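Here the structure is laid out as structure tokens; the discussion comes afterwards.
All of the numbers you see were taken from the coordinates with simple rules; none came from a lab. Since this is a predicted model, take the numbers as computed values, not measurements. Ideal geometry is used to build each Cβ from the backbone, glycine not excepted, and the neighbour counts take in all protein chains shown.
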Amino acid sequence: MSRERTATTDGAGPKPPEQPPSPLKTLLRPIRGRIRTAVVLQGAASALGLVPLICLVELARTLLAEEAVDTARVWLLVGVAVGASVAALAAGTASTLVGHLADNDLQLSVRRALAHRMSRVPLGWFTGRGSGRVKKGVHDDIEDVHSLVAHTLPDLASVLTVPLVALVYLFAVDWRLALVSVLLVAAGILLFSRAMAGSMAKMAQYAEAMNRINSSAVEFVDGIQVVKHFGGHRRAHERFTRAADDFADFFVNWSRSTTPVTVGSFLLLSAPTVTVVTVVAGVGLSLAGWTEPASVVAFALLAPALCAPMNVIGSRVQQTQAAGAAAGRVTALLDTPTLHQGEEPPPPESRVVFDGVSFSYTDHTGDRTAAERGRALAEVDLVLEPGTVTALVGPSGAGKSTLAALLARFHDADAGSITVGGADVREIADLYRTVGFVLQDVRLLRETVADNIALGRPGATREEIAAAARAAQIADRIEALPRGYDSVVGEDADLSGGEAQRVSIARALLADTPVLVLDEATAAVDPVSEAAVQDALSELARGRTVLVVAHRLTTVTGADRIAVMDSGRVVESGTHDELLSRGGRYAELWRAQGHRRDESGADQ
Amino acid sequence: MIRAFLSALGPEQAGPVKASLALTTAVSALQGVVFALLVPVLTELLREGPRAALGWVAALALVTLFYALLRTLSLFVNFRVGGAISRGLHRRIGEHLVRLPLGWFTGNRVGELNRVVTDGVSRTTNVPVHIYPPLADAVVTPVVAVAALFLHDWRIALAAAACLPVVWMVFTLSNDAVGRNDAARDLVSDEAASRVLEYARSQPVLRAFGRTEQGGRSLEKALDAEHGAARRLLLRIVPVMLAYSFAVRLMFALLMVCAVLLVLDGGLDPALAVALLVLAARFTHPLATAADQGAALRMATNQLDRINAVLDARPLPEPESPVLPRGAAVEFDGVTFAYARGDDAPALDGATLRAEPGTLTALVGPSGSGKTTVARLLARFHDADRGQVRLGGADVRDIGSEELSRHVALVFQDVYLFDATVAENLRLAAPDATGEQLDRVAALSGLDAVLDDLPEGWDTRVGEGGTALSGGQKQRVSIARALLKDAPVVVLDEASSALDTENEALVTRTALELARERTVLVIAHRPATVAAADQVVFLDAGRVVESGAPGELLARGGRYADFVRTRERARGWRLTASDATTPPTPTTTEGHENDPART
């Protein structure tokens, strides 16, 4: 049976076998039965594959017999040979089918399970390297497991079956010659394992050199603009060239240091050598009268089968290990701790209270970047009265977005509590019905525009969706799309940043929650669409309890309350005029933005 | 394939690579000879007994020894050539990349390049080491063995020779199909992965709208569809994969039947027949693996095509006799440029503008009006299709890219920092900068405040791509870096995305400071910057619609004045629940009607 992926056998790299770690077993449990079937079928296919050769030996005996040729036996042997060959093919095909189909189901169930888990982990988990890890899990790791299930395990079955069956037959034919070939193969294996042992440490170095070249290549390509522009080609380029040279040197040195042993084992275990040695020995033994010439035919045909698998075992073992590591990562993803799910009904009113809230981004996966060091929020107290607009202002990194994110329970506070209408957000069952969110990072899904708007209310009618779009000042643009509301984002709906933002505002309008969080909704928008976005936002804010993360002070001078944050604390709060006359941090920020002390909201 | 290979490697690698491939081919041919010599050995042994076979045995042993030596040599050579290929390809790609126009490096290209430089090169390195040798064994050895059959019995040889083209045909067909299937399967699997990834990345919004269940359901539908597609592909490909194996087995069965018929007919010596069948068995085994080897080679060839596509990309032409710019005046003279050839709406359409040293020019206009393109053409990311971009009186195409990059400093919208310390990232612009120089630009760019917050100040490592710093912090590093470069022309992209209010004010201040003696162009978003500019250039749809001093333009009441009014409206936006003209909608929550906090 031909395979899609090849075992490139170098004999120079692989490590000795190891027990596959348990995460792999856990992962494979649901398809264990089918893997076994695939393995057994492949084993059978390999054994059957030897039958034609055995038939050929018997055919030789019959044809060379002193007495008259037994024609019936001849044709029987030919028939068995052809039949076994076809049967081997059938069994191999069945094994491929069973293995691949099982793998296909496994991929589906793993991806489903990952998605299910992802909807329940704290959002903080996704920051940093989270989404890279998810990508590795859903793509690369699943690919590794695929190789194992669909290719490696069945191949290992043939690796074991073929020499075993051949050995039994050869010993039955002539034990002396069999011994010769066993000795030869044993010597080959001995050399092979010495080559492997030597390459264990080298293997780690190889991976290291490979990693270095990967990351310097990524850096080189990602930073090419900077590299070129600052005329620093030579230097940034140098890092890359050095990594490339190191790798090439390593490759050459490594092969030089291991090849004598590797080449030895390669030669001892290759078909021509094994065939020739056994044939020469066979001729010698028949000279001595210890074996009959026909037995030599058996060895010429079957002795190479003893060592054939050795050529693939190395890469197979490597693949098994890779799959084991991949499975470990996948199961770790599947075991990520989830957020506690509350059960209380939506609160009857919308007064929001932050009470001594502290939080830090030492996230739950143990990752920490320098920027996230320390506490993001320290004992924040803040009350949002129903129906009012509260603005969070302050320098970047002050904790504004973090505080807003906690209200939507993207994270859970480390200490303190956040309540809406007296109920802790951690205990409210469907928090999204109470707290709406217009995010800084607008993300539209690859679905229709209508579905994107109706995200918060899947049952909404087309009229309701259109009404929300009109209120968000985006209806005209949507109607101009090739398929109107049925255009798919990213396919035939190519929306600019400002347009996407208005879609997300329409979304929040339709969701119609009593509490609303707006996060830096005006970033990265050109002035024309910004005006439209802000008209839409004003519409959205009407009559709700609103927390707005602002970075232009002028937009929030009219807020009912402004809370000034710095280093994770609320340092001041009050109305624009109060804060300005106090002459504290807010007044400082106001001046830093180029306003005069008395310029209290130029456009009022 | 070989041509693609040699073209990727360049002329200096061609010799060794050809030698390595030729040697490997010779070794495989010799292996065919070894197998062929089994025929006389076995025939003599079976017909006359062991003593008669001794001469042939000696020949067999000798040729095998020679084969072993040659194989050893070829293994060593292949490894060495593999190393040289890895080094040569990386260098060639690296050197080529720095000569390509920056406009070439679009988002998709960068991802593709990463794959080419890592996966592509390592697969190509493997061609002489791991991919070609088994392929030669699978193809060359059987061909030599079939040729040897002719020495012994023309009928069996003819049968085998007749089979080879058929086997070859099936091989090509199944190979193509498997290759296509692999590509299709990868697509399906990538699509499934990207669905899950989209789901992961959209978690904030999905959760904010309680759509984890529904979102999950549509994801599930997508995953189901992909699962079904993969299944259908599999069921379609299995018969094709079967075909080749079947053809090879059929060939062996045919030879067996032929030989038996001839022997029973008395037309063929049974001993020779057995020996020939042993040879047939020996060469059908490698032949059967040819499909696998072919698939591996196919994948390597695909990678090679990608590498060649990169190496074939045309670098920007460099002038033969570079002209030095005189002064730092920037001029665009009827410049037209489209990102895609034949684009109906060019990014710049006959744009003409002039920026003098010691002035600040604000580029203003709606998004997509061509502001960023002006900056890109000035830094020669691309060359203009028509018209001229001049710096200090010299066409930028005549200045030479190294010299040009000394004259123009860009503060990028997307800041990229290298995984090194803050100081090292700055020194990229001026390798020999002193500590004082660093401190000076830090003070000017507001980087000093950032350094105070960083655990190790200048020596803080910024992580890959600068991930350890916030957007605002990275922006300041980028500004400082551009300042350190000390170029006479500075282009600032005042993208508001990464900026907080303090950074914004800082950029304006920096721009004004720089404009005292340099030519400064700002892609402006802030009214304060625009108001402070010496000249406003208002762009729309790639054309310069208006230009002049900001006050003058405002008074003229044209497009710029309109634009500013819209902007004023945006600034006038108020988030307050207490606006009398906008009564609360009845759908919202209770409690606010008599809320004392509202004024």
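Along segment B:250-263 the Karplus relation, 6.51 cos²θ - 1.76 cosθ + 1.60 evaluated at θ = phi - 60°, assigns HN-Hα couplings of 4, 4, 5, 4, 4, 5, 4, 4, 3, 4, 4, 4, 5, 5 Hz to successive residues, with x for each Gly and Pro.
Applied to segment A:105-116, the Karplus parametrisation 6.51 cos²θ - 1.76 cosθ + 1.60 on θ = phi - 60° returns per-residue 3J(HN,Hα) values of 5, 4, 4, 4, 5, 5, 5, 4, 4, 5, 4, 4 Hz, with x for Gly and Pro. Using only the Cα atoms of segment A:383-434, build the gyration tensor, take square roots of its eigenvalues as a ≥ b ≥ c, and label the shape rounded, prolate or oblate: rounded if a/c is under 1.5, else prolate if a/b is larger than b/c, else oblate. Oblate, because a/c is 1.5 or more while a/b does not exceed b/c.
Site-free segments of chain B were taken between GluC sites (Glu not before Pro) in DSSP loops having at most 10 other Cβ atoms within 10 Å, sites themselves excluded; the longest one is B:1-319. Bridges between two residues of chain B, per DSSP, are antiparallel at a rate of about 50%. The simple spin-label model puts a point 7 Å past each Cα toward its Cβ; for A:Ser358 and A:Ser581 those points are separated by 3.6 nm. Checked against a 29 Å cut-off, the cross-linked pairs A:Lys400/B:Lys474; B:Lys371/B:Lys485; A:Lys400/B:Lys485 give Cα-Cα distances beyond that limit for A:Lys400/B:Lys485.
Each residue of segment A:209-214 was assigned a 3J(HN,Hα) from its phi angle through the Karplus curve 6.51 cos²θ - 1.76 cosθ + 1.60 (θ = phi - 60°); the sequence is 4, 5, 4, 4, 5, 4 Hz, with glycine and proline shown as x. Amide H contacts under 5 Å for A:Ala415: A:Ser358, restricted to partners 5 or more places along the chain or on a different chain, H placed in the peptide plane at 1.01 Å from N. Exposure proxy ranking for A:Thr461, A:Thr37, based on other Cβ atoms within 10 angstrom of each Cβ and starting from the fewest, stands as A:Thr461, A:Thr37. Loop-located trypsin sites (Lys or Arg not before Pro) in segment A:403-445 (DSSP state other than H, G, I, E, B) with a sparse environment of at most 16 neighbouring Cβ atoms within 10 Å: A:Arg443. Given R0 = 56 Å, the distance between the Cβ atoms of A:Leu76 and A:Arg194 translates into a calculated FRET efficiency of 0.75. Note on B:Ala61/B:Arg99: beta-carbon distance plugged into 1/(1 + (r/R0)^6) with R0 of 51 Å gives a FRET efficiency of 0.35. Considering every residue in B:421-433, what mean count of other chain Cβ atoms within 10 Å of its Cβ is obtained? Averaged over the peptide's residues, the number is 2. In this simple spin-label approximation, B:Val257 and A:Asn211 carry label points 7 Å from Cα along the Cα→Cβ vector, and these lie 5.8 nm apart. Here's how it looks for B:Asp349: its modeled amide H is under 5 Å from those of B:Phe337, B:Arg543, which are all 5 or more places away or on a different chain.
If the chain linking B:Ala22 and B:Asn308 were pulled fully straight, counting 0.36 nm for each residue of separation and taking away their Cα-Cα distance, it would gain 100.7 nm.
The calculated FRET efficiency for B:Ala561 paired with B:Gln437, based on their beta-carbon distance and R0 = 41 Å, is about 0.45. Amide H contacts of B:Ala394: B:Arg326, each under 5 Å away and 5 or more positions distant or on a separate chain (H built 1.01 Å from N in the peptide plane; Pro and chain starts excluded).
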